[in-house]
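In what follows, a structure is listed as structure tokens, so that the remarks can point back to it.
The values are calculated or read from the model by the stated rules, or taken from the named source; none is laboratory data. Keep in mind the model is a prediction, meaning the values are calculated, not measured. Glycine gets a Cβ as well: all are built from the backbone with ideal geometry, and neighbour counts include every protein chain shown.
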């Protein structure tokens, strides 16, 4: 006999299919988040980050009023990076199985926002030739408080804010790259994260996937 008190736990991919957004608290453990956070701050100290730009091609430019993060690609050169990239591969396979998005590969970079910086409202892949379909953001900050700002703000199709997500260590956010407007609200302390994009194969040009978009080829 089935218990009337039983309520199945919603699967994160159900939320992604329904609303284009899924929030997964404690997606990675504290030790991995700590290792990744130490990497990005070590890169900052060693001048191993570069300022992110906006626009594409010849129109790429620095625009601190639009976005103020510093970035560095993940290349799998450390154990912490390899562990996280393996988790992203698990997501790619699971999303393809459940939602049939045809995700082919993933790219990711560290993103570090200094105090006072943010990123204005945008979508990750509005261009018709952009192969990014699913975005992921992993947060690396311990003991974040709402008064410190830096939340990820989510907007609906009418540009009304509908959700704010604290950038707390271990939280992973998944959302559809082409249809979920979002912003990074100005932060009051150093804000560390990893941004990733799952890409589809560009069938009109089999070689197009070899020429990756720059991580700041977005507006």
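Structure data summary
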{"item": "Positions within region 129-163 being in contact with a helix residue (DSSP H, G or I) (Cβ under 8 Å, 6 or more places away or on another chain) and either at pLDDT below 95 or surrounded by fewer than 16 Cβ atoms within 10 Å (Cβ to Cβ) (or both), in sequence order", "result": "131, 142"}
{"item": "Residue list for region 186-219, restricted to those being modelled with pLDDT of 95 or more, out of contact with any helix residue (DSSP H, G or I) (no Cβ under 9 Å at 6 or more places or on another chain) and buried (at least 19 other Cβ atoms within 10 Å of the Cβ)", "result": "195, 197"}
{"item": "Residue match in region 62-69 (condition: out of contact with any strand residue (DSSP E or B) (no Cβ under 9 Å at 6 or more places or on another chain) and surrounded by 13 or more Cβ atoms within 10 Å (Cβ to Cβ))", "result": "no"}
{"item": "Which listed residue is at pLDDT 95 or above and touching a helix residue (DSSP H, G or I) at 6+ places or on another chain (Cβ under 7 Å), from 37, 72", "result": "72"}
